[in-house]
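Contents: one structure, followed by commentary.
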Amino acid sequence: MRAFFTVDQRRLSFVDFGGPGLPLLAFHGHYNEASVFAPLAEALAPQWRVIALDQRGHGESDRAPSYQRSEYGADIAAFHRHLGLGPVAVLGHSLGGVNAYQYAVRHADRVTALIVEDVGAVVDADWSLTTQLPRRAPSRRALASALGPLAPYLECTFRQFGDGWGFSFDIKDTVLSHEALTGDYWGDWEAVPCPTLLIRGRDSVVLASDHAREMIARRAGQAELVELPAGHVVHCDAPDEFAAAVRTFLSQLPER
């Protein structure tokens, strides 16, 4: 079920995949949106109910004047309040992973567990892909063809506009968001107080193996690492293995 709420006169969208399970809030990365978590929601049901946010400037959520770290965090806090839920587990990929662990630090009493997919504690965001994307294509098929092997990762964002097919995110906004994501966040990562799972794609060009291991070492006893046969978008490259890792981690959490 898709629904909307308003923050500072901006409309934010989310998808509640439903079910009787415990809530798991999910946050996508750049070039994606909430619907990308549909396979994970199906795999985790009925024990877990995935609720995913279209983050500012993505999906059906409104564009925003800026994309600073604190603003993403404020959106998540408003989302959590809107849902009327108590403490929850949170999951995030890439951009969403940084947003998730920063939220877990700043709202420690609201987060019971953290799952971070393929992003580090130091981020040097590369927006070169953004500037290479086609602005418009005459058809959905033509857009997919122009993207080539990237198409499966972006197809959930395909939209038809008056002048052709494009994406649910804005190219200029995405560059701004990448720029604002770049930074050193070791202080945040080390301060996360809840049990944490870090999932890395073995072929990832975003999260190096040595960096992932240092992240775990700096959270000794509180975080664990799972590496799967995938690139940066683990939930797409290895959906079954990704869901299994998430399910196993969540099943080991203390009873609430």
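The values are calculated or read from the model by the stated rules, or taken from the named source; none is laboratory data. Predicted, not measured: the structure shown is a model, and the values here were computed from it. With ideal geometry, Cβ positions are generated from the backbone for all residues, glycine too; neighbour counts draw on all protein chains shown. Protein only, heavy atoms only, side chains kept; ligands, DNA and RNA dropped before computing areas. Shrake-Rupley method; radii C 1.70, N 1.55, O 1.52, S 1.80 Å.
For the reader, a short list of remarks on this structure follows.
- P(r) weight above 17 Å for the range 78-136, C-alpha pairs, percent: 49 percent
- Principal axis dimensions, the range 191-256 - Cα atoms, whole angstrom, descending: 33, 26, 13
- Counting protein heavy atoms only, the chain has 52 percent of its accessible area on carbon and sulfur, 1.4 angstrom probe.
- Per residue accessible area of the range 162-256, 1.4 Å probe, in Å²: 47 Å²
- Straightening the chain between Ala208 and Arg135 buys 23.2 nm, computed as 0.36 nm per residue apart minus the Cα-Cα spacing.
- Of all DSSP beta bridges confined to the range 1-156, the antiparallel ones make up roughly 40%.
- At most 13 other Cβ within 10 Å, DSSP loop - trypsin sites (Lys or Arg not before Pro), the range 184-242: Arg202, Arg218
- Total formal charge among the other residues, if their Cβ is under 13 angstrom from that of Ala220, Lys/Arg +1 and Asp/Glu -1: 0
- Antiparallel DSSP beta bridges within the range 7-54, as percent of all bridges there, nearest 5: 45 percent
- Per-selection metrics, the chain (Cα): Rg and Dmax in Å: 17.2, 53
- Per-residue ellipticity at 222 nm, computed for the chain from helices alone with -39500 (n - 2.57) per DSSP H run of at least four residues, works out to -10000 deg cm²/dmol.
- Positive minus negative residues near Phe27 (Lys, Arg vs Asp, Glu; Cβ under 12 Å): -3
- Of Ala41, Ala238, Ala121, the one that fluctuates the most in a GNM where the chain has Cα springs shorter than 10 Å: Ala238
- For the range 1-82, the share of DSSP beta bridges that are antiparallel, to the nearest 5, is 60%.
- For the pair Gln160 and Val122, the difference between a 0.36 nm per residue extended length and the Cα-Cα distance amounts to 10.1 nm.
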